[in-house]
Amino acid sequence: MTWVRANQDRLVDLTWQHLWLSVLPVVLGFLLALPVGWYASRFRGFRAPALSFGGVLYSIPSLPLLVIIPSIIGTSFLDPINVAITLTIYALALLVRTVADAFGQVPAEVLDSASASGYSRWQRAFTVELPLAGPAMLAGIRVASVSTVSLVTIGALVGVSNLGSLFTEGFQRYFNTEIIVGMVLVVALALVLDACWVLLGRVLLPWARGKVV
Amino acid sequence: MIEYRSIAKTYDDGPAAVGDFSLTIPSRTTTVLVGSSGCGKTTLLRMVNRMVDPTSGQVLIDDVDVATREPVALRRSIGYVMQQAGLLPHRKVVDNVATPLRLAGVHKKEARERALVALERVGLEADLARKYPGQLSGGQQQRVGVARGLVADPNILLMDEPFGAVDPIVRADLQQQMLELQQELGKTILFVTHDIEEAFLLGDQVVILRKGGVVAQVGTPAEILASPADDFVSSFVGLDRGHRKLRIKEVDGQQVVVDEQGRPTGVLAP
Ligand SMILES: Nc1ncnc2c1ncn2[C@@H]1O[C@H](COP(=O)(O)OP(=O)(O)OP(=O)(O)O)[C@@H](O)[C@H]1O
Ligand SMILES: [Mg+2]
């Protein structure tokens, strides 16, 4: 406890760093997955290649990626952007399938009746398909969010500081308190973020109460 | 007036869903397409608002080929009611009904007011308007579907088994209401069902279809019952099952109508 109080400022800094490194990739990954997943759900020929591509992306090991990205985009090795990009790729890989399935679940008769009412193709995509795919997409985002929070800690291995830095330091110094505090904060962050997603779902998808857990 | 001219439709790589179909649907009357599952009713219905385009042939509305009309604008001018109501689960009932008006550019406030009027017309109470479709019973949802079909006051109303998914009592109720509405509004209605009783109840003109959209017989319900074109029609309308063949029997000075087995079904009015 005394250690926590003594390092309060640093813990807060690390938490903020960890937070944006977690949220940004999920949001970006989702925005990228949205058009790809939608297209995959509407055009059968595109579905299999899109989903396999997602699987391949997800199977790339993260450490090499963290080393390669700086050399491709010319950032320094310690730049947090590298971590953000890596995790965006994973979130994208995870969410393409979710988004495709979410759009695939929208009942055909609702789509037919929307078309019959005179929605144009784009009006229908944005004001009918998108919201109706919302609950399933939110479920996927929650999974991606939790996994991203824990993946961020890998960044500490290449020197990008975040709550994972508490693990690496704790190991080096055989200092268990630091490791435990790190773990507690990571888990707490994951839970708080998850609660935020649920809340967002309640606000944006009021009609789906009971469907969005 | 809606006119089908030598319509054929083949979905990619399938057999012909509709072979060679021609029909004229007079304005301000109800025409019912009736036939068993898969005979092409929905396919034919959806050609009117271009949700399906024919492989060959033409559909004309008031002598204008619908193929020359822009599909989205065409659909906005035609009411459509379907089996599972097809309501938008994420919009409140009132907004569901207002949808066709909103799409046609009517201001939100006016659209909602007109939606409330339409809901009242189909016998729904105003407090249901604020609910989501998922919170309504099947029969209520079906009424909402009808209200949505009527709200923009289209000349043409397409109805695809609109009462197929509700229990018999609610269905009878909805059918009666539809008859009353039609008396009042005089729309050109094209109605699809596989229930011959419903067809005879609602149709001014009834079209009995075989597989592949082949017309077995067209006529008023009375004409079809009086002279069924062939065995298929006889069997389809139930003339071979006895309950349509009625006789009059004298009982206590009253003329009682009985079916083939002698079961009474009513009395003759004096
Ligand atoms: N989108 C489609 N793609 C391929 N085949 C289709 C499609 N829609 C309908 N069909 C086929 O066309 C035929 C006629 O279908 P349609 O839906 O018009 O029948 P229906 O009379 O409305 O049947 P039901 O009473 O079951 O609704 C069927 O054999 C069906 O399998
Ligand atoms: Mg059908």
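Surrounded by fewer than 16 Cβ atoms within 10 Å (Cβ to Cβ), away from every other protein chain (no Cβ under 14 Å) and at pLDDT below 90: is that true of B:ASP204 in this structure?
no
Filter segment B:216-260 for residues that are polar (S, T, N, Q) and either modelled with pLDDT of 90 or more or within 27 Å of B:VAL18 (Cα to Cα) (or both); which is surrounded by the fewest Cβ atoms within 10 Å (Cβ to Cβ)?
At the first step, the residues of segment B:216-260 found to be polar (S, T, N, Q) are B:217, B:220, B:227, B:234-235, B:254-255.
The next check asks that each one be either modelled with pLDDT of 90 or more or within 27 Å of B:VAL18 (Cα to Cα) (or both); those that pass are B:217, B:220, B:227, B:234-235.
Numbers: B:GLN217: 19, B:THR220: 13, B:SER227: 10, B:SER234: 16, B:SER235: 12.
That would be B:SER227.
In segment A:131-156, which residues are out of contact with any strand residue (DSSP E or B) (no Cβ under 6 Å at 6 or more places or on another chain) and at the interface with chain B (Cβ under 10 Å from one of its Cβ atoms)?
If the condition is that a residue be out of contact with any strand residue (DSSP E or B) (no Cβ under 6 Å at 6 or more places or on another chain) and at the interface with chain B (Cβ under 10 Å from one of its Cβ atoms), then A:PRO131, A:LEU132, A:GLY134 are the ones that fit.
Return yes when A:LEU92 is surrounded by 15 or more Cβ atoms within 10 Å (Cβ to Cβ), out of contact with any His (no Cβ under 9 Å at 6 or more places or on another chain), farther than 22 Å from B:GLN84 by Cα and not basic (Lys, Arg) and no when it is not. Before the answer, list the steps.
Details: surrounded by 15 or more Cβ atoms within 10 Å (Cβ to Cβ): yes; out of contact with any His (no Cβ under 9 Å at 6 or more places or on another chain): yes; farther than 22 Å from B:GLN84 by Cα: yes; not basic (Lys, Arg): yes.
Criteria met by A:LEU92.
Kindly check whether there is at least one residue in segment B:178-191 that is within 16 Å of ligand 1 (Cβ to nearest atom) and at pLDDT 95 or above.
The answer is yes; a qualifying residue exists.
Hey, B:GLY105 hits all of (1) within 18 Å of the chain's Cα centre (by Cα); (2) on the phi > 0 side of the Ramachandran plot but one; which does it fall short on?
(1)
What pairs come out if I take residues in segment A:14-28 that are closer than 15 Å to A:ASN82 by Cα and pair them with residues that are not in a helix (DSSP H, G or I) whose C-beta lies under 6 Å away, six or more apart or interchain?
Hits for this filter: A:GLN17/A:ASN162; A:HIS18/A:ASN162; A:HIS18/A:LEU163; A:LEU21/A:ASN162.
Does segment A:151-166 include one or more residues that are under 11 Å from the mean Cα position of the chain (by Cα) and either at positive phi or surrounded by fewer than 21 Cβ atoms within 10 Å (Cβ to Cβ) (or both)?
So far as segment A:151-166 goes, yes, one or more of its residues are under 11 Å from the mean Cα position of the chain (by Cα) and either at positive phi or surrounded by fewer than 21 Cβ atoms within 10 Å (Cβ to Cβ) (or both).
Please verify whether B:ASP167 is free of Cβ contacts under 8 Å to residues at least 60 places away in the same chain and either within 16 Å of ligand 2 (Cβ to nearest atom) or out of contact with any Leu (no Cβ under 8 Å at 6 or more places or on another chain) (or both), treating the condition exactly as stated. Full working, then the answer.
On the way: free of Cβ contacts under 8 Å to residues at least 60 places away in the same chain: yes; either within 16 Å of ligand 2 (Cβ to nearest atom) or out of contact with any Leu (no Cβ under 8 Å at 6 or more places or on another chain) (or both): yes.
Yes, satisfied.
I'm trying to understand the selection: among the residues of segment A:105-124, which are surrounded by 15 or more Cβ atoms within 10 Å (Cβ to Cβ), more than 9 Å from chain B (Cβ to nearest Cβ) and assigned to a helix (DSSP H, G or I)?
A:ARG124
I'd like to know if segment A:92-99 contains one or more residues that are in contact with a Phe, Trp or Tyr (Cβ under 6 Å, 6 or more places away or on another chain), assigned to a helix (DSSP H, G or I) and within 18 Å of A:VAL149 (Cα to Cα).
Within segment A:92-99 (the criterion being in contact with a Phe, Trp or Tyr (Cβ under 6 Å, 6 or more places away or on another chain), assigned to a helix (DSSP H, G or I) and within 18 Å of A:VAL149 (Cα to Cα)), the answer is yes, since at least one residue qualifies.
Go through segment A:45-82 and give me each residue that's hydrophobic (A, V, I, L, M, F, W, C) and either surrounded by 15 or more Cβ atoms within 10 Å (Cβ to Cβ) or under 24 Å from A:PRO35 (Cα atoms) (or both). Explain how you work it out, then say what you get.
Residues of segment A:45-82 that are hydrophobic (A, V, I, L, M, F, W, C), as a first pass: A:46, A:48, A:50-51, A:53, A:56-57, A:60, A:63, A:65-69, A:72-73, A:77-78, A:81.
If the condition is that a residue be hydrophobic (A, V, I, L, M, F, W, C) and either surrounded by 15 or more Cβ atoms within 10 Å (Cβ to Cβ) or under 24 Å from A:PRO35 (Cα atoms) (or both), then A:PHE46, A:ALA48, A:ALA50, A:LEU51, A:PHE53, A:VAL56, A:LEU57, A:ILE60, A:LEU65, A:LEU66, A:ILE69, A:ILE81 are the ones that fit.
The values are calculated or read from the model by the stated rules, or taken from the named source; none is laboratory data. These numbers come from a predicted model, not from an experiment. Neighbour counts run over all protein chains shown; Cβ positions are idealised from the backbone, glycine included.
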